[in-house]
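Data first, discussion second: the structure below is written as structure tokens.
The values are calculated or read from the model by the stated rules, or taken from the named source; none is laboratory data. This structure is a prediction, so every number in the text was calculated from the model and none was measured. Using ideal geometry, Cβ is built from the backbone for each residue, glycine included, and neighbour counts are taken over all protein chains shown.
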Amino acid sequence: MLERVKQSVRNLISGGTDETCLLSVIVVAYNMPAQAENTIRSLLPDYQCGVPSTHYEVVIVENASDNTISPAFLQTLPVQFSYHLRQETRPTPVYAINYGLERARGRNICVMIDGARLLTPGVVGNMILGHKLTEDAMVTVPGYHLGEKLQQDAVSSGYDMDHEMQLMQSIAWPDNGYRLFEIACFSGSCKWGFFLSQSESNCISMPRERWAALGGYETRFESRGGGLVNLDLYKRACALPGIQHVVLLGEGSFHQFHGGATTGADDGNAREKVIEDIKKEYQQIRGQKYKAPETDPIFLGRLPPEVQQFVSLSSNAIMQRRNNATARKDVVTSHPEN
């Protein structure tokens, strides 16, 4: 049964290409209309710069709830933005993602598993440029959290949607999307910065043939929010033969607070239990603990002034790693028994 589902996804992804559409962006949302609408705004042609609107489409897939995206908002969207409301009884976004993959028309497909992610203005244009570098590019965007520290930690100190709204107002978002760097920190998946291994990307793009080879997202991940399914997809994509990892160094994907599976609860014990359970689920499916893949990426894009602090943090992290490795080596070689 599982293999039939995967083959169905492969068949549907491999057909239906519109050669004039260079990129399809799939945005998945559930029960977070304000955040999803912000995410969609960050994909509008008048926000994304340096790319004709005819070169990309946005496929919005929302699992039904009592709190869906406003019809009035949806009516304002350009023609290349499509909206799909679907019924879902399972707590995972996997089926919604695969539904979007089946309907994507672009030569390359970007998946945003979490619809609460603001993008910087150069993501779409540089993503298309990354795919032009090589036909086997996997283009990813580094991840951030809005706020001074990770939201799963900040929530215990009172961080909430009202506080986040004030932060966004302080930079007059969306007037200059690069100012998001001023009110953000690295996400957990990118905590070591740009130059060391990352565990996932919440904005990942590959040629449609590569998505077909993977069979979409793994449907065995049934935990709320998909568990580690996005990390699993990232790792499987990195292992594809001939794939070239391209990282958009000066762009970002910024997580908005919305009460997510691992970021929204202020009960530390409950959150730890969730994390423990999703790690167990991954190990049951893959037979081993998750370990971030090593890649040798091409770094692409301009560096706006606002991102320089994160370049510095990333450089310091890799130098600290090297210094620690050197110190450990010196300790071993200076031991009397050696």
Being over 26 Å from Ala237 (Cα atoms) and aliphatic (A, V, I, L, M): is that true of Met165 here? yes
For the stretch 224-238, does any single residue satisfy the condition of being more than 26 Å from Tyr282 (Cβ to Cβ), surrounded by 22 or more Cβ atoms within 10 Å (Cβ to Cβ) and either over 18 Å from the mean Cα position of the chain (by Cα) or not aliphatic (A, V, I, L, M) (or both)? no
When you check Gln152 against the structure, is it in contact with a helix residue (DSSP H, G or I) (Cβ under 8 Å, 6 or more places away or on another chain) and part of a helix (DSSP H, G or I), yes or no? yes
Looking only at residues that are surrounded by 17 or more Cβ atoms within 10 Å (Cβ to Cβ) and touching a residue at least 24 places away in the same chain (Cβ under 8 Å) in the stretch 62-76, which one is farthest from Asp18 (Cα to Cα)? Thr68
Take the residues of the stretch 239-259 that are assigned to a loop (DSSP other than H, G, I, E, B) and aliphatic (A, V, I, L, M): which is surrounded by the fewest Cβ atoms within 10 Å (Cβ to Cβ)? Ala239
In the set Asp46, Asp18, which member is over 19 Å from Gly226 (Cα atoms), of a type in the set (D, E, K, R) and at pLDDT 95 or above? Asp46
Name the one entry in Arg322, Arg236, Arg271 that is at pLDDT below 95 and under 30 Å from Arg220 (Cα atoms). Arg271
Keeping to the stretch 148-162, report how many residues are surrounded by fewer than 19 Cβ atoms within 10 Å (Cβ to Cβ) and farther than 14 Å from Ala184 by Cα. 6
Restricting the stretch 155-195 to residues that are modelled with pLDDT of 95 or more, among the aromatic types (Phe, Trp, Tyr) and not in a helix (DSSP H, G or I), the residue that is farthest from Thr39 (Cα to Cα): Phe186
Being surrounded by 15 or more Cβ atoms within 10 Å (Cβ to Cβ), within 20 Å of the chain's Cα centre (by Cα) and within 21 Å of Ile40 (Cα to Cα) narrows it down to one residue among Ile171, Ile128; which is it? Ile128
Mind checking which residues of the stretch 38-61 are assigned to a helix (DSSP H, G or I) and surrounded by 17 or more Cβ atoms within 10 Å (Cβ to Cβ)? Asn38, Thr39, Ile40, Arg41, His55
One residue is enough: does the stretch 128-138 have a residue meeting the conditions of a type outside the set (D, E, K, R), out of contact with any strand residue (DSSP E or B) (no Cβ under 9 Å at 6 or more places or on another chain) and modelled with pLDDT of 95 or more? no
Phe310 fails exactly one of the following numbered conditions: (1) touching a residue at least 60 places away in the same chain (Cβ under 8 Å); (2) more than 19 Å from the chain's Cα centre (by Cα); (3) part of a helix (DSSP H, G or I). What is the number of that condition? (2)
